[in-house]
Amino acid sequence: MISDPVIEIKNLWISCQTQIILEDVSLIVRKGDFLAIIGPNGAGKTTLIKAILGLIPINQGKIMLFSHPADTKGRSRIGYMPQYHAFDFQFPITVREMVLTGRIGRMNNLFSRYSPKDYEAADRALSRISATMLCDRPIADLSGGERQRVLIARALAGEPEVLILDEPTVYVDTPTEEQFFELLGSLSREITILMITHDIGVVSRHVNRVACLNRRLYQ
């Protein structure tokens, strides 16, 4: 039985000035998929994610989320883990405080206080990745592997139906990378996962679909 599409991209073109970044890309991600998109640096992988999330404009084509035209409501059902360097891990906050920031998209405005429901969701997210014991640790004290797990918890705190990860293992060693993919494999039984990576060696043992992007998408 074929499951419903959660992300559907049709004939997507994105360019910057005169340079084509994505050329006629079409992709369907279905509920329950654990999909890895691989490709070299500069292939347009992060651009594709940003387009799905509505962070950049598109030149041509269509993006559908949960069978409807992409909008804020649809994107609120997606959890996003950006690249590691997007975060300042020297910022003086605890793990729980960082995970709570994953709830901001569900708040009425940026000046609202976190509710008991937000704290409960953050604690559930930490529990799902077996990181409850890190709750009160400063993020600056975490190892590379611990930081990656906390970033996933942050994405899960918004209670998404789809989890998108951009190069999640780029700064971790091989044993930590293997543990990380085992964690994702466990999560994939509950949530749809779309992951951008350049490392086909490890990821091919864990995902159920692989596509290659180098301006055009090959499946």
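Taking amide H as placed 1.01 Å from N in the peptide plane, Ser26 has its amide H under 5 Å from the amide H of Asn11, Leu12, Leu217, each at least 5 places away in sequence or on another chain. Per-residue packing, averaged as other Cβ atoms within 10 Å, sorts the ranges 133-140, 79-86 into the order 79-86, 133-140, beginning with the highest. On a per residue basis, the chain carries 52 Å² of accessible surface, using protein heavy atoms and a 1.4 Å probe.
Couplings 3J(HN,Hα) for region 46-58, derived from phi with the Karplus relation 6.51 cos²θ - 1.76 cosθ + 1.60 (θ = phi - 60°), are 5, 4, 4, 4, 4, 5, 4, 7, x, 8, 9, x, 10 Hz, where x marks Gly and Pro. Each residue of region 182-197 is assigned a 3J(HN,Hα), and the resulting list reads 5, 4, 5, x, 5, 5, 5, 6, 10, 9, 6, 10, 10, 10, 9, 7 Hz, derived from the Karplus form 6.51 cos²θ - 1.76 cosθ + 1.60 (θ = phi - 60°), x at Gly and Pro. Report the percentage of all Cα-Cα pairs in region 63-219 whose separation exceeds 24 Å, rounded to a whole percent. Counting every Cα pair in region 63-219, those more than 24 Å apart make up 34 percent. If you find the alpha carbon centre of region 45-123 and of region 171-210, how far apart are they in angstrom? Centre-to-centre (Cα) distance: 20 Å. Taking amide H atoms as placed 1.01 Å from N in the peptide plane, the amide H of Ile93 lies under 5 Å from those of Ile139, Ala140, each 5 or more residues away in sequence or on another chain. Subtracting the Cα-Cα distance of Ser127 and Asn208 from their residue separation scaled by 0.36 nm leaves 26.6 nm.
Going Cα to Cα from Lys50, which lysines come in below 28 Å? Please leave out same-chain ones fewer than 8 positions away. By straight Cα distance, Lys50 reaches Lys10, Lys31, Lys62, Lys73.
In terms of overall dimensions, region 1-67 has a Cα radius of gyration and Dmax of 12.4, 43 angstrom.
Translational diffusion coefficient of region 150-219 (Stokes-Einstein, Kirkwood radius from Cα pairs, 20 °C, 1.002 mPa s): 165 µm²/s. DSSP finds beta bridges in region 143-219, and of those with both partners inside it, around 40 percent are antiparallel. Label point of Asp4 set 7 angstrom out along Cα-Cβ; within region 178-194, amide nitrogens under 20 Å from it belong to 188-194. Backbone amide hydrogens, once placed in the peptide plane, bring Ile7 within less than 5 Å of Val29, Phe66, excluding anything fewer than 5 places away on its chain. Our estimate of slack between Lys73 and Leu55, defined as 0.36 nm per intervening residue step minus the Cα-Cα distance, is 5.0 nm. Normalising the Debye intensity of region 1-139 to I(0), with uniform scatterers on Cα atoms only, and taking log10 at q = 0.13, 0.22 Å⁻¹ returns -0.75, -1.34. Spin-label model, Tyr218 to Glu120: label points 7 Å out along the Cα-to-beta-carbon direction sit 4.9 nm apart. One chain, two ends: Ser26 and Asn41. Fully extended at 0.36 nm per residue, the span grows by 3.4 nm beyond their Cα-Cα distance.
With Cα atoms as the point set, the radius of gyration and Dmax of region 79-169 evaluate to 12.1, 34 Å. Couplings 3J(HN,Hα) of region 79-94, computed from phi: x, 10, 10, x, 4, 3, 6, 6, 10, 9, 7, 8, 5, x, 10, 8 Hz, in residue order, whole Hz [Karplus 6.51 cos²θ - 1.76 cosθ + 1.60, θ = phi - 60°; x for Gly and Pro].
The values are calculated or read from the model by the stated rules, or taken from the named source; none is laboratory data. Values in this document were obtained by computation on a predicted structure and should not be read as measured data. Methodologically, a virtual Cβ is constructed for each residue, glycine included, from the backbone with ideal geometry; neighbour enumeration extends over all protein chains shown. To get the accessible areas, we keep the full protein, side chains included, count just its heavy atoms, and leave off ligands, DNA and RNA. Shrake-Rupley method; radii C 1.70, N 1.55, O 1.52, S 1.80 Å.
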